[in-house]
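The values are calculated or read from the model by the stated rules, or taken from the named source; none is laboratory data. The structure displayed is predicted, hence computed values, not measured ones. Every residue, glycine among them, receives a Cβ derived from its backbone with ideal geometry; neighbour counts consider all protein chains shown. Heavy atoms of the whole protein, side chains included, go into the accessibility calculation; ligands, DNA and RNA do not. Shrake-Rupley method; radii C 1.70, N 1.55, O 1.52, S 1.80 Å.
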Amino acid sequence: MKHIAFFGGSFNPIHKGHLTLAKNVIDLLNLDMLYFMPNSNPPHKDKLSLSFDLRSKLISLAIDKESKIAISDIEKDPSIKHYTFNTLSALKEQYKDDKIYFILGQDSLYNLHTWYKGFSILDICSLICLYRNEDIYNKIDTNKETIDYIEKHKYILDTKKIDKDISYLNTNKIIFIPTSCFDISSSNIRANLKAYYNSHDSKALDNLKNFLDAKVLSKILELNLYK
């Protein structure tokens, strides 16, 4: 049995924070593989500024040397809304002999009651919740049903004894993993790109070099993406 995680999102564009999070999760859970899963038509977002193919191309550049990271194109069809429950159901059929995980952020978890069949996702796989700080009970747009669901299924990963701390493997759980990699946002990157395009702002370019893989930034500027 392999352990495989799927990291969903718009990745508009992918940045160093995404990569750091992915590699940390692989190391902590000893995953066999992690797939970035860009969504061509997310239910909770307006139309994205960059096509699925272009965002996937940037992801490919960013993960070029990562042997345990790849791209899933299961949500590539832009003509339909891609609901996480449906996608994970299809993936479970595809990986029926393996244990699968879905990665999401703290805010997404606490808004799970607004997702299509959100509370049924644990029937399919485990959830990996990346949280920002010690307060994992952020009450953003949440309700008692969501809190009760999290309380029933939560599993706080003890990173100090990770090699022995494997009871989360027995059943599907919500696995909480702390991270400090939330100081980069794709919207901030797009704002810096516009500043650089408009005035060749050197500070904006320095920010972009800090936020983005060098090959990703080079391709964005070569194609004038997000202009």
Note to self: For the range 107-129, give me the residue count where each residue is within 14 Å of the chain's Cα centre (by Cα) and open to solvent by 10 Å² or more (accessible area, probe 1.4 Å).
What the structure shows: 2
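Looking at the range 27-55, which of the residues that are part of a helix (DSSP H, G or I), farther than 20 Å from residue 124 by Cα and touching a residue at least 24 places away in the same chain (Cβ under 8 Å) is least open to solvent (accessible area, probe 1.4 Å)?
Once the filter is applied, the top-ranked residue is 55.
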Notebook entry, point to check: Counting just the residues of the range 56-106 that are among the small types (Gly, Ala, Ser) and open to solvent by 60 Å² or more (accessible area, probe 1.4 Å), which one comes out nearest to residue 25 (Cα to Cα)?
Noted result: 67
Check: Looking at the range 184-200, which of its residues are open to solvent by 60 Å² or more (accessible area, probe 1.4 Å) and more than 22 Å from residue 60 (Cβ to Cβ)?
Finding: 187, 188, 194, 198, 199, 200
Checklist line | One residue from 68, 92, 47, 57 being at pLDDT below 95 and over 13 Å from the mean Cα position of the chain (by Cα) | finding: 47
Checklist line | Scan of the range 88-124 for residues that are within 20 Å of residue 32 (Cα to Cα) and touching a residue at least 60 places away in the same chain (Cβ under 8 Å), ordered by number | finding: 88, 91, 95, 97, 98, 99, 100, 101, 102, 103, 104
Next item on the list: Please find, within the range 209-224, the residue that is most open to solvent (accessible area, probe 1.4 Å) out of those that are basic (Lys, Arg) and within 11 Å of residue 58 (Cα to Cα).
Entry: 215
